[in-house]
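Novice: Sending over a structure as structure tokens; questions will come in a sec.
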Amino acid sequence: MGHDTAHHESNTKRIWYVFVLLSVVTIVEVILGIIKPAFLIETTVISMKLLNWIFIILTIYKAYYITWAFMHMEGETKGLRRSVVWTAVFLISYLIFILLTEGDYIYEVFKAGHKSWDF
Amino acid sequence: METTVTNTGTEGKTWGGGNKPLKVSYGKMMMWFFILSDALTFSGFLAAYGFSRFKFIDSWPIADEVFNHFPFLHGVDAPMYYVALMTFILIFSSVTMVLAVDAGHQMKQKKVILYMFLTIIGGAVFVGSQAWEWKNFIKGEYGAVETKGGQILQFVDKEGHRVALHDIAIVNANKDREQHQSKNGIWYESEKELPTYTIQEIRDGFAKKSDLLIRTQILTEKGEKTILSREESLKRLNTDAIGIVEGANLIHNEYGTPLFANFFFFITGFHGFHVLSGVVINIIIFFNVILGTYERRKNYEMVEKVGLYWHFVDLVWVFVFTFFYLV
């Protein structure tokens, strides 16, 4: 779906397609969140429940479609796309990595019981 | 402008000036970079939420139990249905926005007006829903008891169903403790509204009703809250509990750690403020469309630019939804 500024064909078909896609993904998320299938909760992948991984992956999938289809990132030049998307992706990944690692460290310190907090 | 530019003799070459490598107008490019910086701000908030959550990973409140209200369904446990509905409303308003942008490309003023109008309505409904969600959260439902260490103890019956404070307390009719207001005694001193019950009334009621148990914040391996035995419950309530918590604010939170309430208020509040400003900007552009400003300008790029902002608000909500309600 390359976007050409010279002529403006209508994209309504694609818009509705993306809407249905986003809706279906949201419904799946809500259903999974309500049922919470036991095997998805019991399975742990990289110290997080599989169910949470599924939620996060589906969220990124939705974010991709919102950015690419609704915000029309797919039609922008490679330069603009990368300067926006790569900046966000790398900085956010780093921020999440460092904060979650530190959070987990503090959890371990609390758990070790050097400091009583449940009284 | 052209008169002020000195000719360099390199026009037409890559670095000769006048070259637009991103092939996009200044306004649209700046909207993208504003969105990028705003996205980093929200990521900072959400990552900080993740940090605090990892810190208390085994005692964080369970979102399904916190947000389980639905309009007109009182007392019905409806986890996430309402927030899912809110998500749909926002996604749908994003769709009408992109339809408005699409109609703008084809210079169809009437269609742009209709779709912009629907977008504004969707945004307003969303902000209203968020206000309702806040109201429920602030008001609370069952009430709880707070310990010296700031831990929250909740009450359950034998089946594990939550029990509200008003079903436990044996009200002491001769209560002599009243709210101290600045008009009484020392004029400049007053205190906050007193909770409905005193801790002693709850202790009395709890001791009488032998089927009541206390539920702590600690999560079991199955991801459920730990329920203490009757003896432990009595001990906990009589030695550690110091106060009553009803609802949630920035200092006390009956659902669990106050951090949860702080982040909830801050992040959904910041997002709600974005939605509100998005609605206001949309209204301004809506009137411009009606007045025919963009017909005269012969392009609807302004609609596209506010559209970018509006989609971004939707994009942030997708993440807030996941990290506050699902994960």
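The values are calculated or read from the model by the stated rules, or taken from the named source; none is laboratory data. This is a predicted model, so every value here is computed, not measured. Counting neighbours? That spans all protein chains shown, and the Cβs are built from the backbone with ideal geometry, glycine included. Accessible surface is based on the protein model in full, side chains and every heavy atom, while ligands, DNA and RNA are left aside. Shrake-Rupley method; radii C 1.70, N 1.55, O 1.52, S 1.80 Å.
Novice: Counting residues in the stretch B:116-180 as N, plug N into 2.2 N^0.38 Å and put the Cα Rg over that result.
Specialist: So the Cα radius of gyration is 1.80 times the expected 2.2 N^0.38 Å.
Novice: Here's something else I'd like to know. Arrange the peptides B:16-29, B:204-217 so that the one whose residues have, on average, the most other Cβ atoms within 10 Å appears first.
Specialist: Descending packing order for the listed peptides: B:204-217, B:16-29.
Novice: Taking every pair of distinct Cα atoms and averaging 1/r, then inverting, what Kirkwood hydrodynamic radius in Å comes out for the stretch B:163-264?
Specialist: 15.8 Å
Novice: Dipole magnitude of the protein assembly as shown about its Cα centre, charges +1 at Lys/Arg Cβ and -1 at Asp/Glu Cβ only, in debye to the nearest 20? All intermediate terms of the calculation are to be shown ahead of the outcome.
Specialist: Values: 41 positive and 43 negative charges, 245 e Å.
Computed about the Cα centre, the dipole is about 1180 debye.
Novice: Report, in deg cm²/dmol and to the nearest 500, the calculated mean residue ellipticity at 222 nm for the protein assembly as shown, where each DSSP H run with n ≥ 4 adds -39500 (n - 2.57) and the sum is divided by the residue count.
Specialist: Details: 13 runs with 250 residues, N = 446.
Computed mean residue ellipticity for the protein assembly as shown: -19000 deg cm²/dmol.
Novice: Within 10 Å of each Cβ in B:47-55, how many Cβ atoms from other chains are there, averaged over the peptide? Walk me through the intermediate numbers first.
Specialist: Numbers: counts 9, 3, 2, 5, 10, 3, 3, 10, 10.
What the average comes to for B:47-55 is 6.
Novice: Calculate one ³J(HN,Hα) per residue across the stretch B:210-218 by plugging θ = phi - 60° into the Karplus curve 6.51 cos²θ - 1.76 cosθ + 1.60, and present them in order as whole Hz with x for glycine and proline.
Specialist: 6, 8, 8, 10, 10, 10, 8, 7, 5
Novice: Further, regarding this structure: Holding the Cα-Cα limit at 30 Å, pick out from B:20/B:305; A:49/B:235; A:78/B:110 the pairs that are longer than that.
Specialist: A:49/B:235; A:78/B:110
Novice: Just to compare against my own numbers: the Cα pair-distance distribution for the stretch A:77-119, 10 Å bins, whole % per bin, please.
Specialist: It works out to 24, 27, 20, 15, 10, 3, in whole percents.
Novice: Turning to a different aspect of this structure: Could you give the nm distance between label points at residue B:208 and residue B:70, where each point is 7 Å from its Cα heading toward the beta carbon?
Specialist: Taking the simple label geometry, residue B:208 and residue B:70 are separated by 3.6 nm.
Novice: Now a separate question. Using a Gaussian network model of chain B whose springs link C-alpha atoms within less than 10 Å, name the residue from B:310, B:132, B:15 with the highest mean-square fluctuation.
Specialist: B:15
Novice: Any idea what log10 I(q)/I(0) is at q = 0.10, 0.15, 0.16, 0.19 Å⁻¹ for the stretch B:62-186, Debye with uniform C-alpha scatterers and no solvent?
Specialist: The calculated log intensity ratios at q = 0.10, 0.15, 0.16, 0.19 Å⁻¹ are -0.58, -0.88, -0.94, -1.10.
Novice: Just tell me how shielded B:81-87 is by partners: mean number of partner chain Cβ atoms within 10 Å of each residue's Cβ, no decimals.
Specialist: 3
Novice: With each label point set 7 Å from Cα along the Cα-Cβ vector, what nm distance links residue A:96 and residue B:113?
Specialist: Modelled inter-label distance: 4.4 nm.
Novice: What translational diffusion coefficient, in µm²/s and rounded to a whole number, does the Stokes-Einstein relation yield for chain B at 4 °C and a viscosity of 1.567 mPa s, taking the hydrodynamic radius as the Kirkwood radius over Cα pairs? Don't jump to the answer; show the numbers that get you there.
Specialist: Numbers: Rh = 23.7 Å.
The diffusion coefficient I find is 55 µm²/s.
Novice: Note down the relative contact order for chain B as a percent, whole number, built from C-alpha pairs under 8 angstrom at least six residues apart.
Specialist: This gives 24 percent for chain B.
Novice: Using +1 at the C-beta of Lys and Arg and -1 at the C-beta of Asp and Glu, which of B:21, B:67, B:174 has the Cα lying farthest in the positive direction of the dipole of chain B?
Specialist: So the residue we want is B:21.
Novice: Follow-up question, since we're still on this one. Provide, as a two-decimal number, the C-alpha radius of gyration of the stretch A:38-107 over 2.2 N^0.38 Å, N being how many residues it has.
Specialist: Ratio of Rg to 2.2 N^0.38 Å for the stretch A:38-107: 1.43.
Novice: Right, here's the next one. Can you put B:263, B:67 in order of accessible area, largest first, using a 1.4 Å probe?
Specialist: Ranked from most to least accessible, the order is B:263, B:67.
Novice: In addition: What total accessible area, in Å², is buried where chains A and B meet, using a 1.4 Å probe and rounding to the nearest 100?
Specialist: By this definition, chains A and B bury close to 5100 Å².
Novice: Pairing the Cα long axis of helix B:26-55 with the longest principal axis of chain B, what angle in degrees results, from 0 to 90 and rounded to the nearest 10?
Specialist: The answer is roughly 20 degrees.
Novice: Please go through the residue pairs A:13/B:135; B:28/B:135; A:36/B:55 and name each one whose alpha carbons sit more than 30 Å apart in this structure.
Specialist: From A:13/B:135; B:28/B:135; A:36/B:55, over 30 Å: A:13/B:135; B:28/B:135.
Novice: Let me ask something else about it. How much length is gained if the chain between residue B:14 and residue B:184 is pulled fully straight, taking 0.36 nm per residue apart and subtracting their Cα-Cα distance, in nm to one decimal?
Specialist: 53.3 nm
Novice: Going out from 0 in 5 Å bins, what whole percent of all Cα-Cα distances in chain A drops into each bin?
Specialist: Final binned percentages: 2, 8, 12, 14, 14, 15, 12, 8, 6, 4, 2, 1, 1, 0.
Novice: Less than 14 Å Cβ to Cβ from residue A:23, Lys/Arg counted +1 and Asp/Glu -1: what total charge do the surrounding residues give?
Specialist: Details: positive: A:62; negative: A:29, B:314.
Around residue A:23, the charge tally is -1.
Novice: Among the residues of the stretch B:8-43, which ones have their accessible area go down by 30 Å² or more when all the protein chains sit together, as opposed to their chain alone (1.4 Å probe)?
Specialist: Checking the loss per residue gives B:22, B:32, B:33, B:36, B:40, B:43.
Novice: Could you please report the charge total around residue A:39, scoring K, R as +1 and D, E as -1 over all other residues with beta-carbon less than 14 angstrom from its beta-carbon? Intermediate results must be reported in sequence, preceding the final value.
Specialist: Working: positive: A:36, A:49, B:222; negative: A:42.
Charge balance near residue A:39 sits at +2.
Novice: If you roll a 1.4 Å probe over the stretch A:77-119 with all protein chains in place, what percent of the accessible area is carbon or sulfur?
Specialist: Numbers: 2070 of 3040 Å².
It is 68 percent, rounded to a whole number.
Novice: Okay, next question. Cα-based Rg (one decimal) and Dmax (whole number) for the stretch B:235-327, in Å?
Specialist: When restricted to the Cα atoms of the stretch B:235-327, Rg and Dmax are 21.5, 77 Å.
Novice: Less than 14 Å Cβ to Cβ from residue B:170, Lys/Arg counted +1 and Asp/Glu -1: what total charge do the surrounding residues give?
Specialist: Result for the neighbourhood of residue B:170: +1.
Novice: Percentage of Cα-Cα pair distances in the protein assembly as shown greater than 42 Å, rounded to whole percent? Kindly include the intermediate steps, with their values, before the conclusion.
Specialist: Numbers: 29068 of 99235 pairs.
Value for the protein assembly as shown (Cα pairs over 42 Å): 29 percent.
Novice: How far is helix A:12-35 tilted, in degrees, relative to the longest principal axis of the Cα atoms in chain A, given as a value from 0 to 90 rounded to the nearest 10?
Specialist: Helix A:12-35 sits roughly 20 degrees off the main axis of chain A.
Novice: When averaged across all projection directions, what area in nm² does the alpha-carbon convex hull of the stretch B:1-107 cover?
Specialist: Averaged projected hull area, Cα only: 13.7 nm².
Novice: Next up: Distance from the Cα centre of the stretch B:115-136 to that of the stretch A:11-65, in angstrom?
Specialist: Value for the Cα centre distance between the two parts: 24 Å.
Novice: Compute the distribution of all C-alpha to C-alpha distances in the stretch B:186-234, in bins of 5 Å from 0, and list the percent of pairs in each, rounded to whole numbers.
Specialist: The calculated distribution, bin by bin, is 4, 16, 17, 15, 15, 12, 8, 5, 5, 2, 1.
Novice: Subtracting the Cα-Cα distance from 0.36 nm times the residue separation, let me have the gained length for residue B:166 to residue B:301 in nm, one decimal.
Specialist: So the chain would gain 42.8 nm between residue B:166 and residue B:301.
Novice: Per residue of B:147-158, how many C-beta atoms from partner chains lie within 10 Å of its own C-beta, taken as a mean? Walk me through the numbers on the way to the answer.
Specialist: Numbers: counts 2, 1, 4, 3, 3, 0, 0, 0, 0, 0, 0, 0.
Mean shielding by partner chains, rounded to a whole number: 1.
Novice: Order these peptides, B:152-161, B:117-126, by their mean beta-carbon neighbour count within 10 angstrom, highest first.
Specialist: B:117-126, B:152-161
Novice: While we're here: Treating the angle as unsigned and between 0 and 90°, give the value, to the nearest 10°, between the Cα long axis of helix B:199-208 and the longest Cα principal axis of chain B.
Specialist: Helix B:199-208 sits at roughly 60 degrees to that axis.
Novice: If amide hydrogens are placed 1.01 Å from N in the peptide plane, which non-local residues have theirs closer than 5 Å to the one on residue A:48?
Specialist: Here the answer is none, since no amide H 5 or more places off falls under 5 Å of that of residue A:48.
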